[in-house]
Amino acid sequence: MVALMIIVIITGSFIFFATLKQPITTTPPPQSPLISLPSRGVEGHDSLGIPRYMSSIRLYYSNETYGNITFINIAYYTDNNINEVIGFYETQMPNYDWSLLSKSIVMKDLEIPGTTIEIKSYTLLNFRKSKHSNSQMALSHVEFSVGETILGAAKSTIVKISFYKKNAYT
């Protein structure tokens, strides 16, 4: 693109017009690093007694046990609207004997382990379930952190599931 600049020089009674052709250089805005999303889910398990949002792809999975407590963290992404995803968990979790304890908007960064995905705010859903086993209570708790981010050129909904279960010793 070339800009045309006109310079007016006044000397005595003469006016001289001079034109200068000068290229305009623009710096393109910095682009966010491309985040490569798996087209197929990473290895892991979904058998927690928790429904999986349809058409979601697993980004992350970890399973660790410390003493009698098991911690499982899973992250998924989907192209579906965040409100649809939140509504899915609110309506489907009771079908799996989970009770919603709280729902809140969290205004801080959410980190998705194993990725460089950035989410600045998210909806936090807390569910609790208890089962009786040999007259002992085995307590389970799950948190869903659901947020939106731009990945590539598309808006995606990210679901981070943090599950823990206190295992009863026999």
**Request:** Look at region 60-85 and say how many of its residues are of a type outside the set (A, V, I, L, M), assigned to a helix (DSSP H, G or I) and within 14 Å of the chain's Cα centre (by Cα).
**Result:** 1
**Request:** Answer with yes or no whether residue 145 is within 18 Å of residue 73 (Cβ to Cβ), under 11 Å from the mean Cα position of the chain (by Cα) and at pLDDT 90 or above.
**Result:** yes
**Request:** Tell me which residues, restricted to region 66-109, are surrounded by 12 or more Cβ atoms within 10 Å (Cβ to Cβ) and of a type in the set (Gly, Ala, Ser).
**Result:** 75
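The values are calculated or read from the model by the stated rules, or taken from the named source; none is laboratory data. Predicted, not measured: the structure shown is a model, and the values here were computed from it. Virtual Cβ from ideal backbone geometry, glycine too; neighbours counted across all protein chains shown.
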